[in-house]
Every structure is written in structure tokens, then in C-alpha cells.
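Beneath this line is the structure, given in C-alpha cells, with notes to follow.
The values are calculated or read from the model by the stated rules, or taken from the named source; none is laboratory data. The model shown is predicted, which means the values in this text are computed figures rather than measured ones. Cβ: placed from backbone, ideal geometry, glycine included. Neighbour counts: every protein chain shown. To get the accessible areas, we keep the full protein, side chains included, count just its heavy atoms, and leave off ligands, DNA and RNA. Shrake-Rupley method; radii C 1.70, N 1.55, O 1.52, S 1.80 Å.
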Amino acid sequence: MSFAFTPPSIVGLPIAGSDDRFPVRRVYCVGRNYAAHAREMGFDPERELPFFFCKPNDDASVVPVAEGSTATLPYPPLTSNYHYEAELVVAIGKGGRDIAPADAASHVFGYAVGLDMTRRDLQIAAREKGRPWEVGKAFDFSAPIAPIVRRDQAPDVQCAGIVLEVDGTVRQQATIAHLIWSIDEVIANLSSLFTLQPGDLIFTGTPEGVGAVQRGQTMAVRIDGLPSLSVRID
Ligand code: MN
């Protein structure tokens, strides 16, 4: 059997302290997983639980960013409100379904810093019409990710600080401890909907302070104890 043309390659994310790469399977994202962000988007976190959506897993969408380097991303088409969302990314190393929260940590390969880049104007227009979110969330270069730190080498990310700066000015500053669904609960909930497999990534949601970024600006995202992520918009 041969393919009619060269099949697309699997994205490999750098792993801190290793020459191995993490092969990306699916890219899941959690929506409105911080109460203050849910409120800034006009929703009541007391009444609505977080939820899931996906991004593509291909090498056009997922952008591995080496430690200490700045990736340059093109400003995406057909938007005039291009937003950053700083997020903790959980990398799955062991698959499963209906995973109990108490067992969730054993399914984690490691953690990374990521950006859930968003065409906010297109996302909100789709949301208001009850349409899917792909045009707002699942576009090319929408998921830059810094190197993964293996779980046994990672800090306690459950209460790590998360900060996003644009050109040196702090725009998002929170703690992972503010997650509505904890990392364990995200894995448990997601695995009740989809069978998780090694290689899956989960963007766990963004804290408050999202906003627009313009051409020529540089975003720096830091989570305590993980390699930081630096992205410039061209
Ligand atoms: Mn997000």
C-alpha cells in the first residue's frame, strides 16, 4: 500500500532535557475554566460548567517553540481582534477512559506552557449564531507550545503562577490553583467523553485578562517551573 501523496507528518513537541519528541495526537481545549475569565466573557461561572473544544493537531496549527527562542507567527486572516490566551497544557502519556480524578495524575506525561490563540471576533460571531468555533479557534498557527517537562521532573503546577506579558507589560497574572476544574477533574471529565490516548494534549483554559495583540508585538508566557514561551506576531 502506498499513499497517493506524501501524508502529513506528526507534530513532535520538544521535551525538556531530552532529545526525544512528544508525538501529538489530539489537541483538546477547555473553555471558561477560570471564574474571572468566564465573567470577563459575559458568563456566570456559578451557572455554567467549563466545556471542551478542539484544535487541529497538524503542523500548520501546532507550533513547537524551542526553549529560549522566539517563534514568529503570521497575523491570521479575516480578523481584527486577535487574542492571546495563556494556558497550562497537560500532555497525556497513558490513555484511558472514565479515568477517576484520583488516578488522573498517572496518565500525565508532562506539562507545558501554551497559547490558545483566538480570532475573538470570529469566535463571538459564531457563538452568537450557535455555530461551531473552528473559525475562531482552529486556524493555522493557533497553538504555539513551549517544551514539555516530564511529570516526575515538573514542579507542583497545581498552584503555580501563570503570567502573560505583551512587550514587557503584564496582561494576565493568576495561579493555576484558580482552575474551576482542576487538572485531575479535567482529565476525568474529558475521559468520560473521549477515550484518551498517549500524545493527546489538553489546553486547560485561560485566566482573566485576555486581550488583543497586534503585528510587531511579542508575547512572553511563564508558568513557574516550566520553560517559558515567547511568540512574536508578524
Ligand atoms: Mn482557551
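Figures for the structure shown
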| item | result |
| --- | --- |
| Accessible area (Å², 1.4 Å probe, nearest 10) - residue 165 | 40 |
| Solvent exposure of the chain as accessible area per residue, Å², 1.4 Å probe | 45 |
| Order by protection proxy (mean Cβ within 10 Å, highest first), peptides 112-118, 39-45 | 112-118, 39-45 |
| Neighbourhood net charge (12 Å Cβ-Cβ; Lys/Arg +1, Asp/Glu -1) for residue 143 | -3 |
| Kirkwood hydrodynamic radius (C-alpha pairs) into Stokes-Einstein, segment 1-85, 4 °C and 1.567 mPa s, D in µm²/s | 79 |
| Orientation-averaged projected area, Cα convex hull of the chain (nm²) | 13.6 |
| Cα-centred dipole magnitude for segment 102-234, charges only on beta-carbon of K, R (+1) and D, E (-1), debye, nearest 20 | 420 |
| Unit Cα scatterers, Debye sum, segment 121-234: log10 I(q)/I(0) for q = 0.20, 0.21 Å⁻¹ | -1.43, -1.49 |
| Cβ-based net charge around residue 219, under 14 Å, with every Lys or Arg adding one and every Asp or Glu removing one | -2 |
| Order by protection proxy (mean Cβ within 10 Å, highest first), peptides 92-102, 214-224 | 214-224, 92-102 |
| Debye, to nearest 20: dipole size of the chain, +1 on Lys, Arg Cβ, -1 on Asp, Glu Cβ | 460 |
| Among 230, 141, 204 - extreme Cα towards positive end, dipole of segment 12-233, charges at beta-carbon | 141 |
| Cβ-based net charge around residue 11, under 10 Å, with every Lys or Arg adding one and every Asp or Glu removing one | 0 |
| Hits among aspartates and glutamates - C-alpha to C-alpha of residue 94 under 19 Å, sequence gap 8 or more where chains match | 20, 103, 152, 184, 185, 200 |
| C-alpha center-to-center spacing [segment 1-42, segment 123-160] in angstrom | 8 |
